[in-house]
Structures are given as C-alpha cells and as structure tokens.
Amino acid sequence: MTWGGFAGRVLYVDLTKGTVRTEPLSNDLAEKFIGGFGLTVRLAYDRIAPGTEPLAPANPAVIGAGPLVGTNLPSTSRVYAVSKLPSNGTVSWCGAGGVTFGYLFKNAGYDHLVIEGRAERPVYLQIFDDQVAIKDAGSLWGRTVEQTCETLWREIGRPLGIVAIGPAGENLSAMSMAYVDRIATIGRGGFGAVLGSKNLKAIAVRGTKGLEVADRKAYRRLSRELFKSIREYPYLEEWQRLGLLKSFSQFPVEIYEKIKQRRVACVSCPAGCKDVVQIQDGEFAGLTAYSSSVVNLFTPMLYGFKDYRQSVKLVHDLDGYGLDMFEFFGVMNFALALAEKGVIPRREIDPEIVINSLDSMTAWARKTACREGLGRVLADGFSGMLAEFGPEAHESAPSLVKGMHPYVGPGSALAWNLFGTQELGQVMDPRGPHVGAGGSPTYFARRPLEVFPKHLTRMGVPPEALARILPGPAQGQAPQDLKVGRLLKYSHAWFVTLGSMGICARAQINRFYSAELAAELYQAVTGIPTDLPGLRRKVDRVWTLYKMANLREGFDRKIDHLPDQWFQAAGFKNYVTDRPLGRGEAEEMINDYYDEWGWDPETGIPSDQQLEALGLRDL
C-alpha cells in the first residue's frame, strides 16, 4: 500500500556504474519523517558516511518533494536537496521553488532521487515516467544555466522540469548553485559543485502519472476554504503585481514596472514571486533576465551600482555561471581589502577590482566561475582564501558564519540590524546563512509583541512554550520581552513543517497556512492519522536527526560562532529594547535555543531522553 500524496518510489542513480533502479518508498519512514524535507534528511543520513569529502563520488545528492507536491493546493511545489556541501563540510539542506520540476517529478512516479558516484564524462539524467536514462552532456558542458535549459527544452520539448548547473558548478566552485527551470536557485553553499563533481550537468524530468489523495471529501473542503482565504486577502493583487518588491522599499517600483515582462509562478502558486524582465533601452536593450525575484536583479545597487541596467546585466551573468551573488560580492570585497593591504600580490589583480563597476565584476565573475588566475582561489570562497593567504587574511576577514557570508549583519548586503530569528538562525542552522525565515514575525519587521501570540500559535507553538518565549502574558501582563532563542526553535519547526509537506515558505504564501491546517491537509492527502501534537513530534524528529547528521561530523556547539563584528559599534541591536546587542546576551539566546529543544546547552547534543522520545536512540 502507498499512502495518498506519495508517488511511492525512490529512484537511485549510480553514475559510476551507470545504473538506475527504483525501490518502494518505506511507508514506515514516510509516516515517521513526513516526506519532502524530512524524508530527504533521513535518506541522506542513511547514506552519508561520516568523514566523506563533499566532492567525493561517495557523497550523495538526495532530492525530494513532499506529499502535497503534485496536488493543486496553493504553492505546493517546493523541492529540497540534502548533501554534504563544500562551503563548510556540513550536511546541509538546499531548497527551491519547484517551478515545474517538483510537480513533474512526482507525476513521473517518484518521491525522492538519490544520486551517487561520478560519471566518466559529462552526462545529464533524463526521467520520463518509468524510462530513466543517463545521457551524454558533452555538448552542454561549458554552457550557462540558461543555455542548458533552453537547449533541453528545444531538443526534448515541454513540459520538462530541469535542474541544471553552470560553469561554476562544473569547475567545483564552493559558491556554485543549481537552478530549477533556469529561474529558481537551489544550493547556496556549493550544491552546484556537488553535481559538478559527479559530472552531472542537469536533471530533466517529465511525468504523466498523476497522484491520488486519501480523503477526497476532506481535501476538497480544506482546499476550497484555503483558496477562499487567499482570494479574500486584501493585498493579494499587490503581491501578484510586485512580488517580493513589496517588502523591499529601497528598490524602485517604477523601474520594475518599466522592465517587467511577466511574473512566473511555480505550479499551483496563486501569487507568483519570480520575475522575467527585459531591458528596454541603453547598451543592453533587449536583454531578458529570469530571476527568483527582481529583488535579486536590483541587489548590486546596494553595492554601489548606479544604473539598474548594469545591475540586471551582472546578475544575469552570475546566474548564467551558476554563482551565488551574495557570496560573490562578499568574496570580491574581501579580495579588494586583501589587495589594498598587499596580502594579494598586485600582479594577481587583473583587472582592477572595482565593486561598483560592471566591467570589473563581469570579468571577475568569469575568472571565478572558470578558475582563471586568481579566480582559482576565489572559487573556493572564504575558506579557500583564508587557507591561501594565511594569518594576514584572517586579520582582515569580514564577519563569517560557518565559513560563509551572512545575508544580514554588519558588512552584509541587506540593511537590517535588529536581532531576531533570521539573524540568530544564520548561526544555529547547521548549514549556516540562508534566507529561510520560517515564518517568524521578526523577519525584516519590527512588530509589537502583542501580535506575537496569534502569529506563533499559527506556527504551531504550544501554549506552554508561549509563556517561555514571551514572558509577561502568563501573569496577565503585556509582553515585556522576547526570548529569541526559544522562538527560533519553533521557527525551525515551522520551516520543517512547510518543507516536509512541500509548501512554499515565503511570507506571501505561508501566511495562509497554519500548523493545525497543515496537519489536517496532511491527513486528508496521505490518509496518515495526524493531529497537531503528532505533527509536532514528527517535526522535532526531523530537525533533531538533521542535527545528529552534523554531530557525527564533529559539528557541535563550537561551530555556533557569533562573529565579533556583530558586537561592535555598528553591530546588531536587541529586537525589543533597541539597545546594542552584547555577546553574553546572544550566547544566552543559544542556551535558550538548545534548552527549548531538549539538547545540552553546553554541547548542543540532544539528550538521551529526547532521542528516546523521538525514536532516534538506535540510529
């Protein structure tokens, strides 16, 4: 028997042997680990041997889609990958809007894909329902992400969901990502290099099988109510028109509306957050750029670019190479600082590094993606630069978290200095910096504490935990304080809930879901009896196993390092009081986070009692 919502099979590909096989999905594991993100973590845990090198053939790339993916429930196309990433050696997740890939993968009859080994030559994986083939990709090697996708769509035809890498992934850059349908990113931390190390250029999938839901009556009722709440949302039209630009007022709406060609939505998404733009005039007139958000296309303006056309052109090129834009700018700023101090010899700086110059950044993007000249070092990110240039480089290093450039914080791209769950989460997630907000009300917003209880209840925070997160209301007082570390536990839990089912975590979508509704939908779709307490237990099991995968690698509390720059004059501020954040205060948040999970605050190791309660003791 296969539960509803699940395709019921796992596809295994060994690129060394050139073999493919399928195995039935374990109903027991599906029930225990929810699916999607959760089951991807479990499959990776079972197959990543401690000490495996990230770019070794033995390091698997595990990709999965949750049980709601393939239904028509709003924004349920999310896909996740888990592997050991080269940026810092952690066992980490990578997530992306599935665009068409997630839907077509599930309809081909698979829930998860496990890729191991290394092909002798460049290949791509073609999945057409039960027909799976490892195909020659010699003609695709060296092409950009966009060129690769366009070629496969032209030669194979649509519908066709694609995961592809660019030259940066081929050349094993720790800053390389993979892309879904050329427009959604998956893999900050070097997932592109993991695929490149396997000589795997792309995965192309088409599925026609369809899915069953267990309780059609309940499914129709819940779906109807959910779509009604979305249609009645007063800001829906604004979200549909502006996407993420609605949340980032520093970017010019009038320019966006001038260059906007169309919005792109993942399958079943009623809002659409992805953008296709075309420059209308100037040197790059006619250039069309595809992005998971126009916010990304405008981001170089935060680094000093004056002309939005040049900003769009640069990000278009970075995406083509498959380079992480945020990490690229961080690395280039670090390289400039080292060059100015003479740590990097002047002969290596060709051309001159000018952060707000299109010509300079375009040249360095190519050199980095192709490992030309100094690019051979820059391609390995901050860890490669620190290893190459020694103690002097360490003295000039920017704030780093687990070897990566934080999205927010002193010296980072995004201007935000209040310390909430996103900021602490950059440290406490084993993978390091990412933009998974997990639905927290502290995400790029200052809200009154009085609104938190309703928001947190929606996320699934139990009543007894609310009193620990918001001291005051339990005694009949207004909230006076916010325990960010304790809240982060439930922010991570909400992220697991959404990711394991396949629901988009972006704010304009997850606002319509609640943990209670997620449990009801999961039961209606799968037929697995699920109440909210039961769902909480499964979610805790997933994140705890994710933590255990990294503890096996030696990553305990010692790597949860808070950068010194966060506590200097222009550092973070307390979310509630607006006072400068102290290191001791932040360390106490880490203690709270571990305590809320039931883990040892000194080591970050889950207690035996916690492992026993979650059924993880014998793993």
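The values are calculated or read from the model by the stated rules, or taken from the named source; none is laboratory data. Nothing here was measured: the structure is a model prediction, and the numbers come from that model. Because the Cβ atoms are built from the backbone with ideal geometry, glycine has one as well, and the counts that use them run over all protein chains shown.
Pick from region 491-527 the residues that are in a loop (DSSP other than H, G, I, E, B) and surrounded by fewer than 23 Cβ atoms within 10 Å (Cβ to Cβ): which of them is farthest from the chain's Cα centre (by Cα)? So the residue we want is GLY527. Residue count for region 595-619 satisfying the condition of being in contact with a Pro (Cβ under 6 Å, 6 or more places away or on another chain) and closer than 22 Å to PHE33 by Cβ: 1. Across region 581-590, the qualifying residues are those that are buried (at least 17 other Cβ atoms within 10 Å of the Cβ) and out of contact with any strand residue (DSSP E or B) (no Cβ under 6 Å at 6 or more places or on another chain), and the one among them that is farthest from TYR490 (Cα to Cα) is ALA586. ALA586 passes every criterion in (1) more than 17 Å from LEU39 (Cα to Cα); (2) not in a helix (DSSP H, G or I) apart from (2). Would it be correct to say that ASP556 is within 27 Å of the chain's Cα centre (by Cα) and surrounded by fewer than 18 Cβ atoms within 10 Å (Cβ to Cβ)? Spelling it out, ASP556 is indeed within 27 Å of the chain's Cα centre (by Cα) and surrounded by fewer than 18 Cβ atoms within 10 Å (Cβ to Cβ).
Matching residues to (1) assigned to a helix (DSSP H, G or I); (2) surrounded by fewer than 20 Cβ atoms within 10 Å (Cβ to Cβ); (3) without any contact (Cβ under 8 Å) to a residue 60 or more places away in the chain; (4) aromatic (Phe, Trp, Tyr):
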position	(1), (2), (3), (4)
GLU388	yes, yes, yes, no
PRO391	yes, yes, yes, no
PRO398	no, yes, no, no
PRO406	no, no, no, no
PRO410	no, yes, no, no
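Residue check: PHE248 meets all listed conditions (1) surrounded by fewer than 21 Cβ atoms within 10 Å (Cβ to Cβ); (2) farther than 24 Å from ILE230 by Cα; (3) without any contact (Cβ under 8 Å) to a residue 60 or more places away in the chain but one, namely (2). Got at least one residue in region 40-61 being under 16 Å from SER500 (Cα atoms), outside any helix (DSSP H, G or I) and in contact (Cβ under 8 Å) with a residue 40 or more places away in the chain? No, region 40-61 contains no residue that is under 16 Å from SER500 (Cα atoms), outside any helix (DSSP H, G or I) and in contact (Cβ under 8 Å) with a residue 40 or more places away in the chain.
Listed conditions (1) within 27 Å of the chain's Cα centre (by Cα); (2) modelled with pLDDT of 95 or more; (3) exposed (fewer than 15 other Cβ atoms within 10 Å of the Cβ) are all met by LEU551, apart from (3).
Residues checked against (1) small (Gly, Ala, Ser); (2) touching a Leu at 6+ places or on another chain (Cβ under 8 Å):
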position	(1), (2)
ALA204	yes, yes
GLY210	yes, no
ARG224	no, no
ARG231	no, no
LYS246	no, no
GLN250	no, yes
GLN261	no, no
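Any idea which of (1) buried (at least 24 other Cβ atoms within 10 Å of the Cβ); (2) assigned to a loop (DSSP other than H, G, I, E, B); (3) charged (D, E, K, R) is the one LYS201 doesn't satisfy? Of (1) buried (at least 24 other Cβ atoms within 10 Å of the Cβ); (2) assigned to a loop (DSSP other than H, G, I, E, B); (3) charged (D, E, K, R), only one is false for LYS201: (2). Criterion first (among the β-branched types (Val, Ile, Thr), in the same structural domain as ALA44 (by TED's automatic domain parsing) and under 28 Å from HIS316 (Cβ atoms)) does VAL145 satisfy it? Spelling it out, VAL145 is indeed among the β-branched types (Val, Ile, Thr), in the same structural domain as ALA44 (by TED's automatic domain parsing) and under 28 Å from HIS316 (Cβ atoms). Against the conditions (1) at pLDDT 95 or above; (2) over 21 Å from ASP429 (Cβ atoms); (3) charged (D, E, K, R), ASP578 satisfies every one except (1). Number of residues in region 76-86 that are more than 26 Å from ALA507 (Cα to Cα), in contact with a Ser or Thr (Cβ under 7 Å, 6 or more places away or on another chain) and assigned to a loop (DSSP other than H, G, I, E, B) equals 1. Within region 84-101, track down each residue that is more than 15 Å from the chain's Cα centre (by Cα), under 21 Å from GLY66 (Cβ atoms) and buried (at least 24 other Cβ atoms within 10 Å of the Cβ). Within region 84-101, just PHE101 meets the criteria.
From LEU418, LEU374, LEU424, LEU378, which residue is closer than 25 Å to ALA96 by Cα and either crowded, with 22+ Cβ neighbours inside 10 Å or within 25 Å of the chain's Cα centre (by Cα) (or both)?
So the residue among LEU418, LEU374, LEU424, LEU378 that is closer than 25 Å to ALA96 by Cα and either crowded, with 22+ Cβ neighbours inside 10 Å or within 25 Å of the chain's Cα centre (by Cα) (or both) is LEU424.
The residue list GLY169, GLY161, GLY138 contains one member that is among the small types (Gly, Ala, Ser) and farther than 25 Å from ALA56 by Cβ, which is GLY161.
Being in contact with a Lys or Arg (Cβ under 9 Å, 6 or more places away or on another chain) and either of a type in the set (Asp, Glu) or modelled with pLDDT of 90 or more (or both) is the requirement here; does PRO453 meet it? When the stated conditions are applied, PRO453 does not pass them. Checking each residue in region 108-141 for being among the acidic types (Asp, Glu), in a strand (DSSP E or B) and more than 25 Å from the chain's Cα centre (by Cα) picks out only ASP136. Scanning region 286-309 for residues that are part of a helix (DSSP H, G or I), within 22 Å of the chain's Cα centre (by Cα) and free of Cβ contacts under 8 Å to residues at least 40 places away in the same chain yields ASN296, LEU297. Quick one: in region 559-579, of everything that is part of a loop (DSSP other than H, G, I, E, B) and under 27 Å from the mean Cα position of the chain (by Cα), which residue is surrounded by the most Cβ atoms within 10 Å (Cβ to Cβ)? Restricting to residues being part of a loop (DSSP other than H, G, I, E, B) and under 27 Å from the mean Cα position of the chain (by Cα), the top hit is PHE572.
The rows are residues; the columns are (1) surrounded by fewer than 17 Cβ atoms within 10 Å (Cβ to Cβ); (2) free of Cβ contacts under 8 Å to residues at least 60 places away in the same chain; (3) out of contact with any Leu (no Cβ under 8 Å at 6 or more places or on another chain); (4) not in a loop (DSSP other than H, G, I, E, B).
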residue	(1), (2), (3), (4)
SER311	no, yes, no, yes
VAL315	no, yes, no, yes
PHE326	no, no, yes, yes
GLY330	no, no, yes, yes
ALA339	no, yes, yes, yes
GLU352	yes, yes, yes, no
ILE355	yes, yes, no, no
ASP359	yes, yes, yes, yes
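Residues of region 16-35 that are farther than 12 Å from VAL539 by Cα and either without any contact (Cβ under 8 Å) to a residue 60 or more places away in the chain or not in a loop (DSSP other than H, G, I, E, B) (or both): THR19, VAL20, ARG21, THR22, GLU23, PRO24, SER26, ASN27, ASP28, LEU29, ALA30. Take ALA214 and decide whether it is outside any helix (DSSP H, G or I), surrounded by fewer than 23 Cβ atoms within 10 Å (Cβ to Cβ) and of a type outside the set (S, T, N, Q). In short, yes.
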